[in-house]
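The values are calculated or read from the model by the stated rules, or taken from the named source; none is laboratory data. If you're wondering where the values come from, they're calculated on a predicted model, not measured in any experiment. Here the Cβ positions follow ideal geometry from the backbone for every residue, glycine too, while neighbour counts run over all protein chains shown. Surface accessibility is based on the protein's heavy atoms, side chains included, excluding ligands, DNA and RNA. Shrake-Rupley method; radii C 1.70, N 1.55, O 1.52, S 1.80 Å.
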Amino acid sequence: MVLIPTCRVKNKNHDANKDYTLAELQQLKEYTPEKLQEIKIKDPENDVFDNLICSVCGIPLEFKQGSSKRRAHLSTWPNTNHKGNCDLIRLASSRQQSQKATGTINTLLSSQDQLKERKYLLKKIHHKITPPKKGSPKKRRRKVIKTDQSNPSPIYAGTSDPKKAATTSADKKRKPRSNFRIPGELDKSVVGKSVFLYGILSKVNLKITGNRMSMNLLVEYNNESETIYSSPDFFNSAHVGLIDRIKALRSIVENKDNPEVTILIDYIPDSKKGEARCTLYDESNIRFPLGQLGVYLNSQN
């Protein structure tokens, strides 16, 4: 599944099979999944959910409400595909091929699964920084008693229970890993996907224009950098005190205390600039490197 960053809401009097021009689509009201989630909670029967269409090609979309296990998102109707002029059709095809080749998954993960993936990412990064010493002892393997026809199941040494015998990889499927990157490694293979990004937070920019707020974070590692942009609804979330926490984080970083971070971003195409950009949708998706923002700020007092 390719992440659909935004959708439009068609006029009720429009034909269901109407072919929209890009200019016509840009005149329609735009929503993110996060904004739709807020509407769904307040007004589950709102007509907006019957009139969602793709921001690029205009095909009908449906909204999938978020839960503790997965984030709110948009998807196509059953048995429908994006039209030929839509960038998402190319992304869907390339993603499907990538999943078959690499076993990667879309990271609409629960908080518990996110924590496991972050720990795995940190283990990989720190292993590269401090590789194991040469000559370190190898992991010991448990001895297996040879079997015969009367006892076909291999048995580990130290047990006489065949039920505790070794299992093969066919018995238990390995869960595919998420996408992990450091600055400088984001490429076409992860466009339209969620990515766990590791690095050092070196700058926090907070922009306030009237009642609208936006933010971007500069993350660096090994002389490479990536800029992460807040989604349009990032500051419209229900997180109390979010603005104050971001300001406090900015002050810490300005004083050259640059924390280690793991950030779950969506690397989505930007149709206006013709390139992909890192987008941050929720405060909970940035960790220091495992702790939440509030916990990190308290540790700095």
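Note that the stretch 32-86 presents 54 Å² accessible area per residue, ligands and nucleic acids not counted, probe 1.4 Å. Taking the Cβ of PRO232 as the center, what net charge do the other residues with Cβ under 9 Å away carry, scoring Lys and Arg +1 and Asp and Glu -1? Combined, the nearby Lys, Arg, Asp and Glu give -1. Couplings 3J(HN,Hα) of the stretch 241-247, computed from phi: x, 4, 4, 5, 5, 5, 5 Hz, in residue order, whole Hz [Karplus 6.51 cos²θ - 1.76 cosθ + 1.60, θ = phi - 60°; x for Gly and Pro].
In terms of its C-alpha gyration tensor, the stretch 260-301 comes out prolate, because a/c is 1.5 or above and the ratio a/b outweighs b/c. Amide H to amide H, with H built 1.01 Å from N, ILE268 comes under 5 Å of GLY192, ARG277, THR279, counting only residues 5 or more places away or on other chains. Site pair ILE39 and ASN17 shows an inter-label distance of 2.6 nm when each label is modelled 7 Å from Cα along Cα→Cβ.
Say the cut-off is 22 Å between C-alpha atoms; which of LYS12/LYS40; LYS207/LYS256; LYS42/LYS116; LYS40/LYS193; LYS203/LYS247 go over it? Can you show the working numbers first?
Values: LYS12/LYS40 19 Å; LYS207/LYS256 20 Å; LYS42/LYS116 33 Å; LYS40/LYS193 25 Å; LYS203/LYS247 12 Å.
Result: LYS42/LYS116; LYS40/LYS193 exceed 22 Å.
Within the assembled protein chains, the solvent-accessible surface assigned to ARG181 is about 50 Å², based on a 1.4 Å probe.
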